[in-house]
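Since the structure comes first, as structure tokens, the remarks are kept for the end.
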Amino acid sequence: MGEIFRLGLVLMLVAVVAAVALGIVNGKTAPIIALQKEQEKQDAMRLVAMGLVEADSMRFDSLVVEGMQNPYASVDEELRVVKVSVPPDTSVAGYIFIAYGKGYSSTIQTMVAVDPEGTVAGTKILYQQETPGLGANVTDPSKLTAAFIGRSADEILLRKDGGDIDAMTGCTITSRAVTVSVRKGLQAMAEAGLFRGTGDTDSGEVREGGVE
């Protein structure tokens, strides 16, 4: 009995030490990881924004639009819109948002740049865990998202759904997830009056100093 007690005590101490060590490591690495992710997002925004305007300096401001519908509630995400401008000019050069679509095995995140008229100017897949060799090919723009460039919401639709965009071979679920998520984001922004011809492009409250 005493041997069993000692063994249990040793195992408990090992578990406590491991938990403390893990906590210390996480405490030190979490801020670094967060900074890396933020830098990756900033880099991605600059990349897709090149389709809006070619400039050495760009400004990205979170935009709060009262009453804008959230098309991503089903995947527990929100539609966050970023206003793009080129200092010192504060007028709208375009917008950036992240679309969330439930794919075959993951929620796919697609960053989209859209001009003030509501036309897609750039895209980048930020996250996906689809099937390697099949759905995962969505990270290659030529497989799907390059077809979004120059299109508005009504034109972003798979051929199988009545549009003229071809789905990736054998990957209809992944293709539809990305296509529908981007389309829904654009529609929500249009309904909120962000695009020219649909309302006041400055109807939202701008918060400066980064992106949420």
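Each reported figure results from applying straightforward, stated rules to the coordinates on display, with no laboratory input. Keep in mind that what you see is a predicted model, and the values were worked out from it rather than measured. All Cβ positions, even for glycine, are placed from backbone atoms using ideal geometry, and neighbour counts span all protein chains on display.
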- Give a residue-ordered list of calculated ³J(HN,Hα) values for the range 122-134 (Karplus: 6.51 cos²θ - 1.76 cosθ + 1.60, θ = phi - 60°; whole Hz; x for Gly, Pro). x, 9, 7, 6, 8, 8, 6, 9, 7, 5, x, x, 10
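Using per-residue counts of other Cβ atoms within 10 Å, averaged over each peptide, order 61-68, 157-164, 134-141 from highest down.
Working: 61-68: 15.9, 157-164: 13.6, 134-141: 18.1.
Going from most to least packed, we get 134-141, 61-68, 157-164.
Taking Cα atoms of the range 55-151, Rg/Rh with Kirkwood Rh, to two decimals? If you can, show how the numbers build up before the last one.
Values: Rg = 14.8 Å, Rh = 14.7 Å.
Expressed as Rg/Rh, it is 1.01.
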- Task: Alpha carbons only, please: Rg and Dmax for the range 120-185, in angstrom.
- Result: 10.8, 30
